[in-house]
Ligand SMILES: [Zn+2]
Ligand SMILES: [Zn+2]
């Protein structure tokens, strides 16, 4: 296939003009629910952990079981994580931290700068003891495996109510919640470019949370369903105790109704086997606004609109994949041609943006201009699709993958997809 150079140049000019507007409007916070469960070792809901990407910064709120695996699935390099914010020191919220810390240091390209960990009083002591527990490995990885000494350092920051981080236009505020006898326990609010998201951490109904979450764009709240514990055979007395430290669907519904977020989300869903039917009726008695029941790997992009995507429920096998980029606003996505043989779409990814996991059932060509695009496949392979003037590279059917702008300039992608293999 050949592209006429003149046509390409003039459309690039038009693109540059169009982009100017979308860059200004393009500020968004991206939230990925890495783990939406609790202490139970569930394969569907990993331990609590939430990825926040904004202003070129990357943070994890809590690091429960499997946080590192989910981070890899999200296509985010662990060495890019700027820090971890712990809500409290219950083990289900921190057991994934040693893995993220040590594996993220050892396995190339490993972290070569200290990892900042914010958390309640006790965080510094826990980290010092972890370092002691892993002293044998830490020594060997440096002397024997040549891991960078700076990458194993951890900088603990013990937080109290107030702003705990400011940089790149991102502000993170900690606020106390009520998870007694676990004290202190915090929720976090992230503000960036006029967008905001609040994470409750573990809490009972908290007036302090309600104050901090008033009118927020997205409120991610924990929830507990007594019925799901009873079904799982947990003795009633124990269920009463556990439920008393968390928030029921009715209570959460009231919190949502009072704070009026643009989107309410459940994460840290307990018991991990709770169904929509356990959670929805109670919530709906109190709250009629937009609600998403969190699932592992769900992404929420907070911009002018709020987009929710769940990877597991897209691109069923055998169908022509719909390219429906997660972070690409509709004004940067165009369907150029769609006939029984071929589909051609054009979209623009800004630096740091990516589209969602998708497949191409037959031959496909990515024509890339203006930057560097990395394509990552499900088995962890990645390769760069680079600008080629006047010709296009064709690939055979491509399994699940996503494309990501890893450069510093916007990338324009023209995707030519053959629908059927002859
Ligand atoms: Zn918890
Ligand atoms: Zn807890």
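Here are the numbers for this structure:
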quantity: Selection status of residue 137, farther than 18 Å from residue 202 by Cβ and assigned to a loop (DSSP other than H, G, I, E, B); calculated: no
quantity: Where residue 330 falls short, out of the listed (1) modelled with pLDDT of 80 or more; (2) farther than 28 Å from residue 81 by Cα; calculated: (1)
quantity: Cross-chain or 6+ apart pairs with Cβ under 9 Å, region 53-72 first and farther than 24 Å from residue 303 by Cα, then more than 16 Å from ligand 1 (Cβ to nearest atom) and in a loop (DSSP other than H, G, I, E, B); calculated: 72/380
quantity: Residue in region 199-220 that is farthest from ligand 1 (Cβ to nearest atom), counting only those that are surrounded by fewer than 24 Cβ atoms within 10 Å (Cβ to Cβ) and either outside any loop (DSSP other than H, G, I, E, B) or touching a residue at least 60 places away in the same chain (Cβ under 8 Å) (or both); calculated: 217
quantity: Any hit, region 276-283, residues being surrounded by fewer than 22 Cβ atoms within 10 Å (Cβ to Cβ), assigned by TED's automatic domain parsing to the domain that holds residue 195 and either within 24 Å of the chain's Cα centre (by Cα) or at pLDDT below 85 (or both); calculated: yes
quantity: Set 368, 344: member being in contact with a strand residue (DSSP E or B) (Cβ under 6 Å, 6 or more places away or on another chain), modelled with pLDDT of 80 or more and surrounded by fewer than 19 Cβ atoms within 10 Å (Cβ to Cβ); calculated: 344
quantity: Any hit, region 246-265, residues being crowded, with 16+ Cβ neighbours inside 10 Å, closer than 18 Å to residue 40 by Cβ and touching a residue at least 60 places away in the same chain (Cβ under 8 Å); calculated: no
quantity: Enumeration of residues in region 114-135 that are without any contact (Cβ under 8 Å) to a residue 40 or more places away in the chain and away from ligand 2 (no atom under 15 Å from the Cβ); calculated: 124, 125, 127, 128, 129, 130, 131, 132, 133, 134, 135
quantity: Within region 27-110, strands (runs of 3 or more DSSP E) holding 2 or more residues that are away from ligand 1 (no atom under 16 Å from the Cβ); calculated: 29-35, 49-54, 57-61
quantity: Residue 192 vs. criteria within 16 Å of ligand 2 (Cβ to nearest atom) and in contact (Cβ under 8 Å) with a residue 24 or more places away in the chain; calculated: no
quantity: Residue 113 vs. criteria surrounded by fewer than 22 Cβ atoms within 10 Å (Cβ to Cβ), assigned by TED's automatic domain parsing to the domain that holds residue 100, in a loop (DSSP other than H, G, I, E, B) and within 24 Å of the chain's Cα centre (by Cα); calculated: yes
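Rundown of residues vs (1) modelled with pLDDT of 95 or more; (2) in the same structural domain as residue 364 (by TED's automatic domain parsing); (3) under 14 Å from the mean Cα position of the chain (by Cα), yes/no style:
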{"position": "33", "(1), (2), (3)": "yes, no, yes"}
{"position": "70", "(1), (2), (3)": "yes, no, yes"}
{"position": "73", "(1), (2), (3)": "no, no, yes"}
{"position": "87", "(1), (2), (3)": "yes, no, no"}
{"position": "97", "(1), (2), (3)": "yes, no, no"}
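The values are calculated or read from the model by the stated rules, or taken from the named source; none is laboratory data. All of these numbers come straight from a predicted model, not from anything done at the bench. In this analysis, Cβ positions are derived from the backbone assuming ideal geometry, glycine residues included, and neighbour counts consider all displayed protein chains.
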